[in-house]
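See structure below.
The values are calculated or read from the model by the stated rules, or taken from the named source; none is laboratory data. Note that this is a predicted model, so its numbers are computed, not measured. Here the Cβ positions follow ideal geometry from the backbone for every residue, glycine too, while neighbour counts run over all protein chains shown.
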Amino acid sequence: MDTHKIPQQDEALGGYIKRLRLELKMSQNELSRSAGIHLHSLGKIERGITTRLSYKTRHLLARALSIPTEYLEAVCKKEKISPQIACIKFCPRCWIPGTPTEPIWDDIRSKHCFLCGFELMSHCLKCGRSVISFQHSYCPYCGFYYKNTVDKISQTSKTLKKKSYKQ
């Protein structure tokens, strides 16, 4: 698994965000616009003045940097990243390539899509490697197009059954 986006041990929040921003070849201005946060706020975060992030800011930065929000939470709390959260989850039915995933899919407790009920995917169905980025709409290891999983999903996944209530 490619681990360059996972926070390094004892890495500060500001250093982590700056490292990811530079890897993406983005300026502070570009990242602040992409995330929808104020440029001065981003500057304070990168300089280490701000060490805690609000829920909204965490989600906006995570989406702009293409990382799970749990990475930012772990850096703020100075915790080690759990292997369970070292990948991105998506619904192969509802996700549209080229767009960010739904924020609720990033929640560690989310197992099924809240829109259609399909099981969320966190790995390539062809080679089994974890999905760590949507920089591409296909697996960078085997070339399998993630949207193809819809054809194979009936063989490997389950849809939640909706209960009908009698009135």
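For the stretch 78-88: of the residues being in a loop (DSSP other than H, G, I, E, B) and modelled with pLDDT under 80, which is farthest from Q8 (Cα to Cα)? Going through the qualifying residues, I end up with I88. Scanning the stretch 122-130 for any residue that is at pLDDT below 75, charged (D, E, K, R) and surrounded by 11 or more Cβ atoms within 10 Å (Cβ to Cβ) turns up at least one such residue.
Does the stretch 1-39 hold any residues that are of a type in the set (D, E) and farther than 17 Å from S133 by Cα, and which are they? Spell out the reasoning first.
Let us first name the residues in the stretch 1-39 that are of a type in the set (D, E), namely 2, 10-11, 23, 30.
Result: D10, E11, E30.
For the stretch 91-135, a residue qualifies if it is closer than 20 Å to K5 by Cβ, among the charged types (D, E, K, R) and assigned to a loop (DSSP other than H, G, I, E, B), and the qualifying residues are E102, D107, R129.
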